[in-house]
1. Out of the residues in segment 155-174 meeting the condition of being part of a strand (DSSP E or B) and in contact (Cβ under 8 Å) with a residue 60 or more places away in the chain, tell me which one is surrounded by the fewest Cβ atoms within 10 Å (Cβ to Cβ).
2. Which condition from (1) within 23 Å of residue 57 (Cβ to Cβ); (2) at pLDDT 95 or above is the one that residue 134 breaks?
3. Which residue pairs have Cβ atoms closer than 7 Å, lie 6 or more positions apart in sequence or on different chains, and pair a first residue in segment 124-136 that is without any contact (Cβ under 8 Å) to a residue 40 or more places away in the chain with a second residue that is assigned to a loop (DSSP other than H, G, I, E, B) and buried (at least 19 other Cβ atoms within 10 Å of the Cβ)?
4. Quick one: residue 82 ticks every box in (1) farther than 20 Å from residue 143 by Cα; (2) within 12 Å of the chain's Cα centre (by Cα) except a single one, so which number is it?
5. Could you list all residues from segment 90-121 that are crowded, with 22+ Cβ neighbours inside 10 Å, closer than 18 Å to residue 191 by Cβ and in contact (Cβ under 8 Å) with a residue 40 or more places away in the chain?
């Protein structure tokens, strides 16, 4: 019969408390949850602007030169304001919402993009994705939206432009523009075209 030297035997395993086991299992389950997919967003029967924002609470900020394809943004769970606004426009418009993509240029800041929703009288802003008020109330005018966006950066805005974006062609279509120094009475309404003023980088 073989004898084992007690000094070489493995020390007894400590007993695991039941709550520790449950915590580990829960952590594993959370880590295994996959990112939201584009079809899930598109087929969500309860989709609304506030519900859309709820999917992005834990997304990270990462500045990109171009708009990421929707599937890439969702899978990576990181992106910037135009990734978020363009996707909001893409998902909400087929659900019957009237949306407007707005590009705001500011002094000393990179331009910022939001998605205004007529029915909510508010805009979706990637900077608000993880706060209680995920929608920023605003009058439906380029000037008012630009004022609110700039205020959130403690900055002064120079121009605001409405635009469209196509994932298929990766092309921006530029629309009405408001310049801060112009008389407010001359401001075009959302949805109008004013191609004589285009202020983009």
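The values are calculated or read from the model by the stated rules, or taken from the named source; none is laboratory data. No experiment lies behind these values; they were computed from the predicted model shown. Note that each Cβ is placed from the backbone with ideal geometry, even for glycine, and that neighbours are counted across all protein chains shown.
1. Residues of segment 155-174 that are part of a strand (DSSP E or B), as a first pass: 157-166, 171-174.
The next check asks that each one be in contact (Cβ under 8 Å) with a residue 60 or more places away in the chain; those that pass are 162-165.
On the way: 162: 24, 163: 21, 164: 13, 165: 18.
Across segment 155-174, the extreme among qualifying residues is 164.
2. (2)
3. Sorted first by the residue in segment 124-136, then by its partner, the pairs are 136/125.
4. In the conditions (1) farther than 20 Å from residue 143 by Cα; (2) within 12 Å of the chain's Cα centre (by Cα), residue 82 misses (1) alone.
5. Correct list: 92, 100, 101, 102, 103, 104, 116, 117.
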